[in-house]
Amino acid sequence: MNLTEIEKKLDTSYLDQMEKFYQNQLLNDTVPFWFPKSIDCTYGGYLLMRDHDGTLIDSDKAVWIQGRACWLLSTLYNTVEARDEWLVWARSGYEFLKKHCFDSNGKMYFHVDQQGRPIRMRRYFFSETFAAIAFAAFAKATGDQDIAAEARFLFGECLAYANGEKLIEPKYEPTRPMKGIGVPMIMINTAQQIRETIGDPRCDQAITDFIAQIQGDFVKDDIQCVMEQVGAAGEIIDHIDGRTLNPGHAIEGAWFILHEARHRDNDPDLINLGCRMLDYMWERGWDKEYGGILYFRDVYGKPVQEYWQDMKFWWPQNEAIIATLLAYLLTGNEKYKKWHQQIHDYAYDHFHDKVNGEWFGYLHRDGTLAQTAKGNLFKGPFHLPRQEWYCMQILKTLR
């Protein structure tokens, strides 16, 4: 079935309603919760650790979230409206990252204080991936080719880490070698963002290679599952860490692949792969009793070690909203429209703060509030505004 035939099957009234909803939420609810109050006018960057009403609860800065916020503001400027304030605020993040968030050897920190003094370095390179997409989006917004070169350099560093050319001190001893889906996943999206903002000839091949890693090592069609970690040859490791699944993470990977399918003229093989991943992990992750995506599951149904395993975190819901919408747009399958409506309704009913805006981050399994913070070292203006922005943008293309 070609795209024209699929588009004829789509419920355009529903999609129009969703487009208007996401645009309103993004521009009149989510973004205003964070900005301009989160701009640090003294030291630069963003003060993002905030309670339900926007009160600052900590002045430290997570480097991940500094990059993500800079990316968001630059992306809004590039794709929604060229608002001067968005560009000024994005520059604050870019300059803080460049000045304070790299150590003397070029590795990026994970956690710094308000002034930018280092607190913690983590043994992975995700700060670099978020800085790369932030610098790329900001370079597009400003037209500054020097910043674009910085973004491409960072992208090259990420590729080197991902491919093992550059080594990071390992977290584990070599007794039981394992690899996670996080690296190929984040590199797919990093390459997609670089390609769509400033371009880089390495992007297409990198995306192809990382998708092949996910398909070859992590997607287990025989048991209808997407693994979070596997052994060195892609085998399932029958220990607690090896058995633990993260459905929301795999669903995020599914929509990265569906996005790539859309970019590649609706590549049927990639659509099939992304939809299989979504199908498998929706079945394992959707809470049939209370609704929402559960945090951790065991591949064989055994007890999970982490005590928060049955909680509902905000971001898996965001990723499932995107994935189900993309799957519906690419296939016309009513199942995905139903799933999209289910996760959309659950998430906005339970996570959205109708008084102060934005979303709470953490719910108990039954949907009751676990705590009120909206910003910390891991949560900030990224998963929710990215979801609302992305859904709004893809729905606009249907007009």
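Readers should treat all values here as calculations from the given coordinates under stated rules, not as data from a laboratory. Everything numeric here is computed off the predicted structure, so don't read it as measured data. When we count neighbours, we look across all protein chains shown, and the Cβ atoms used for this are built from the backbone with ideal geometry, even at glycine.
Over segment 59-169, what is the relative contact order in whole percent, taking alpha-carbon pairs under 8 Å and six or more residues apart? Walk me through the intermediate numbers first.
Values: 164 pairs, mean separation 31.8, N = 111.
Relative CO of segment 59-169 lands at 29 percent.
Subtract the Cα-Cα distance of D146 and V88 from 0.36 nm times their separation in residues, and report this length gain in nm to one decimal. Could the numbers behind the result be given before it?
Working: separation 58, 0.36 × 58 = 20.88 nm, distance 1.78 nm.
This chain segment gains 19.1 nm when fully extended.
Run the quick spin-label model on Y307 and D241: label points 7 Å from Cα toward the beta carbon, then report their separation in nm to one decimal.
With each label placed 7 Å out from Cα toward Cβ, I get 2.1 nm.
Given Cα positions, please report Rg to Rh for segment 1-110, the hydrodynamic radius being the Kirkwood one. Could you put the intermediate results ahead of the total?
Numbers: Rg = 18.3 Å, Rh = 16.2 Å.
My calculation of the ratio gives 1.13.
What is the chain by shape, rounded, prolate or oblate, if you read a ≥ b ≥ c off the alpha carbon gyration tensor as root eigenvalues and call it rounded for a/c under 1.5, prolate for a/b larger than b/c, and oblate otherwise?
Values: a/c = 1.25, a/b = 1.12, b/c = 1.12.
Note, shape of the chain comes out rounded.
What does the extension gain come out to for T175 and N24, with contour length at 0.36 nm per residue minus their alpha carbon separation?
On the way: separation 151, 0.36 × 151 = 54.36 nm, distance 5.15 nm.
Going from the current span to full extension adds 49.2 nm.
Give me the extension gain from R122 to K354: residue separation times 0.36 nm, minus the current Cα-Cα distance, reported in nm with one decimal. Let's see the in-between values first.
On the way: separation 232, 0.36 × 232 = 83.52 nm, distance 3.53 nm.
The span from R122 to K354 would gain 80.0 nm if fully extended.
May I have the count of lysine pairs in segment 59-169 with C-alpha atoms under 17 Å apart, counting pairs 8 or more residues apart or located on different chains? List each step's numbers first, then the result.
Values: K61/K98; K61/K99; K61/K107; K98/K107; K98/K140; K99/K107; K107/K166.
Total qualifying Lys-Lys pairs in segment 59-169 comes to 7.
Treating only the Cβ of Lys, Arg, Asp and Glu as charged (+1, +1, -1, -1), what charge dipole size does the chain show about its Cα centre? Round to the nearest 20 debye.
Working: 44 positive and 56 negative charges, 73 e Å.
For this selection, approximately 360 debye.
Please identify every one of the GluC sites (Glu not before Pro) in segment 254-362 that sits in a loop by DSSP and has no more than 12 other beta carbons within 10 Å of its own beta carbon. Show your work: numbers first, answer last.
Numbers: sites: E260, E283, E289, E306, E319, E334, E358; in loops: E289, E306, E358.
Sites meeting the loop and neighbour criteria: E289, E306.
Report the charge-dipole magnitude of segment 349-399 in Debye, nearest 20, computed about the Cα centre from +1 at each Lys and Arg Cβ and -1 at each Asp and Glu Cβ. List each step's numbers first, then the result.
Numbers: 7 positive and 5 negative charges, 45 e Å.
Roughly 220 debye for segment 349-399.
From the square roots a ≥ b ≥ c of the eigenvalues of the alpha-carbon gyration tensor of segment 274-378, which class results: rounded (a/c under 1.5), prolate (a/b over b/c), or oblate?
Working: a/c = 2.07, a/b = 1.20, b/c = 1.72.
In terms of gyration-tensor shape, oblate.
Where in segment 325-352 is the amide nitrogen less than 14 Å from a point lying 7 Å along the Cα-to-Cβ axis of Q17?
It comes to 337-346, nothing else.
Find the percent of Cα-Cα distances in segment 59-169 that exceed 21 Å, and round it to a whole number. Can you show the working numbers first?
Details: 2010 of 6105 pairs.
Cα-Cα pairs in segment 59-169 separated by more than 21 Å: 33 percent.
Say we join alpha carbon atoms closer than 10 Å with springs in a Gaussian network model of the chain; which of R202, R176, R365 then has the biggest fluctuation?
The residue that fluctuates most here is R176.
HN-Hα J couplings of segment 28-34 from phi, Karplus 6.51/-1.76/1.60, θ = phi - 60°, integer Hz, Gly and Pro as x?
10, 9, 6, 4, x, 4, 8
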